[in-house]
Each structure stands twice: as structure tokens, then as C-alpha cells.
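Visitor: This is the structure I want to talk about, given as C-alpha cells.
The values are calculated or read from the model by the stated rules, or taken from the named source; none is laboratory data. Remember, predicted model here, so these are calculated numbers, not experimental data. Counting neighbours? That spans all protein chains shown, and the Cβs are built from the backbone with ideal geometry, glycine included.
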Ligand code: ASP
């Protein structure tokens with residue numbers, strides 16, 4: 001489980017590699033508010049969450065764990081984690097990240113992203129979601145939460161790329177489409193500008209989005 005959170009004043013929090021933390025974004029929020037460390041990973045992140053009284057426990061379903069145990073040895077021999085992940089996704093197509101962007105009455109933006117990672121990846125793999133600039137980014141102009149095929153989003157630092165395009169004056173919808181084209185198939189995003197303009201774009205078969213004002 002991985003998550004990250006960033007606000008338009010430049011603060012950020014990110015958590016990676018905490019398989020027993022059901023709500024990693026809550027720990028990311030703690031880090032953002034503490035404004036000392038940006039990113040924590042592994043067992044010490046879990047210990048901190050427990051110390052803060054956050055829920056700790058097994059999130060993976062028994063079916064997912066059984067599938068992983070059955071296929072892992074063969075997958076390691078064939079160096080084919082991608083094949084294992086693809087097979088899992090074919091059987092469980094409606095899984096995915098949760099992303100959120102928000103704008104408050106003072107014009108402050110925040111963006112957050114949380115995921116269980118890509119299905120059936122090798123333990124220790126870190127994707128785009130906890131990496132500030134890859135799965136999440138926020139400036140005073142735009143907040144971005146982006147997900148999909150984490151490896152490609154990560155190497156493109158796609159969320160920051162979108163924010164940079166908007167900063168250069170590219171309209172939000174155009175910037176969103178351009179970034180998805182650059183990342184390639186299998187990605188989607190929500191982005192919210194400081195004027196309340198919103199982009200919801202994907203090049204996946206589905207990715208549900210919603211918008212609410214209050
Ligand atoms: N972007 C996530 C990752 O690669 C996967 C997902 O939830 O779509 O870790």
C-alpha cells in the first residue's frame with residue numbers, strides 16, 4: 001500500500017511499502033502536516049502509524065494472497081512479474097487507485113492518491129503513487145492525481161509534467177490529454193485548477209470519476 005498527498009503551499013507527505021496499513025494516505029497527511037519528512041517507507045512507517053493509533057491489519061484478500069503464493073515461484077523463474085500482474089488484472093479488472101483533488105474557499109488546492117499497487121507485483125516494488133511528481137502533484141495553479149501503469153507514470157513524472165504545462169499556460173484539458181498521450185495506454189487522472197476548472201481524462205477502458213461542490 002502506497003499513498004501521497006500534496007498541498008498548493010508546497011508541503012507534501014508520502015508513504016511507500018506498508019502492506020499492513022489500510023489507510024496509508026492518513027499517514028501521508030500526518031507527514032504533510034508535520035512538515036519535516038516528506039516520505040517514509042517500510043516497517044518504520046508502519047510503526048509510526050501504529051504509534052499514532054491508525055488502523056493496522058491485513059488488507060489483501062485471501063484470494064489475492066492465494067493467487068500470489070501459487071504463481072510466485074514460476075513468475076520469479078521466468079522473470080515475468082508483468083505477466084502475472086496482467087493475468088491477475090484480466091481476472092479482476094475493476095481494481096485501482098483512489099485519487100482526489102480539492103479546492104477550498106480560500107483558493108488552496110490539495111491532491112492525494114492512494115493505492116494497493118499493481119496487482120501481483122514483486123514485494124518491494126514501488127510504483128508511481130507514493131512518488132511526489134509522479135502520481136500526485138500540486139501547485140497554486142493546479143492539483144493532479146494520476147494513476148494507471150505505475151512504471152511509465154513514474155519515469156515521466158507525469159503529475160508534475162501536467163502541472164508544468166498548466167504553469168506554462170496550456171489549458172487544463174489540453175495538458176491532461178497531452179500527458180496521457182505521453183504516458184501511453186493504461187492511465188487516467190483527475191486535475192483541478194485554482195478557478196475550479198476540472199479535467200477528468202483516461203486512456204483506460206474505464207476509470208470512474210465524480211465531482212462535488214459544497
Ligand atoms: N498506479 C498504481 C501503481 O502502479 C496502480 C493502480 O492502482 O492503478 O502502483
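Visitor: Kindly indicate the residue of region 29-50 that is touching a helix residue (DSSP H, G or I) at 6+ places or on another chain (Cβ under 8 Å) and assigned to a strand (DSSP E or B) and also surrounded by the most Cβ atoms within 10 Å (Cβ to Cβ) among those meeting that condition.
Guide: 40
Visitor: To continue, here is another question. Count, please, the residues in region 169-195 that happen to be more than 17 Å from residue 99 (Cα to Cα), in contact (Cβ under 8 Å) with a residue 12 or more places away in the chain and in a loop (DSSP other than H, G, I, E, B).
Guide: Adding up the residues that qualify gives 3.
Visitor: Under 6 Å between Cβ atoms, which residue pairs at least 6 apart in sequence (or on different chains) link something in region 7-18 that is more than 16 Å from residue 102 (Cβ to Cβ) with a partner that is in a strand (DSSP E or B)?
Guide: Note: pairs meeting the criteria are 14/4; 14/39; 14/132; 15/3; 15/40; 16/2; 16/41; 17/41.
Visitor: Additional query: Go through region 91-102 and give me each residue that's surrounded by fewer than 20 Cβ atoms within 10 Å (Cβ to Cβ) and at pLDDT 80 or above. Outline the logic, then answer.
Guide: So in region 91-102, the residues surrounded by fewer than 20 Cβ atoms within 10 Å (Cβ to Cβ) come out as 91-96, 98, 100, 102.
98, 100, 102, listed by residue number.
Visitor: Which of the numbered conditions does residue 120 fail, given that it passes all the others? Conditions: (1) within 16 Å of the ligand (Cβ to nearest atom); (2) under 25 Å from residue 38 (Cα atoms); (3) part of a loop (DSSP other than H, G, I, E, B).
Guide: (2)
Visitor: So if I check each of 4, 8, 26, which one is more than 16 Å from the ligand (Cβ to nearest atom), at negative phi, under 15 Å from the mean Cα position of the chain (by Cα) and buried (at least 17 other Cβ atoms within 10 Å of the Cβ)?
Guide: Numbers: 4 fails: more than 16 Å from the ligand (Cβ to nearest atom); 8 fails: under 15 Å from the mean Cα position of the chain (by Cα).
Just a single option satisfies the conditions, and that option is 26.
Visitor: Name the residues in region 135-165 that are crowded, with 24+ Cβ neighbours inside 10 Å and more than 9 Å from the ligand (Cβ to nearest atom), would you? Give the derivation first.
Guide: First, the residues of region 135-165 that are crowded, with 24+ Cβ neighbours inside 10 Å: 135-138, 142-148, 150, 153, 158-159, 162-163.
Those that are crowded, with 24+ Cβ neighbours inside 10 Å and more than 9 Å from the ligand (Cβ to nearest atom): 136, 137, 138, 142, 143, 144, 145, 158, 159, 162, 163.
Visitor: Quick one: which residue in 112, 96 is assigned to a loop (DSSP other than H, G, I, E, B) and touching a strand residue (DSSP E or B) at 6+ places or on another chain (Cβ under 9 Å)?
Guide: Details: 112 fails: assigned to a loop (DSSP other than H, G, I, E, B).
Answer to the selection: 96.
Visitor: Now, a different point. Which members of region 71-97 meet the condition of being touching a residue at least 40 places away in the same chain (Cβ under 8 Å) and within 16 Å of the ligand (Cβ to nearest atom)?
Guide: Within region 71-97, 81, 93, 94, 96, 97 meet the criteria.
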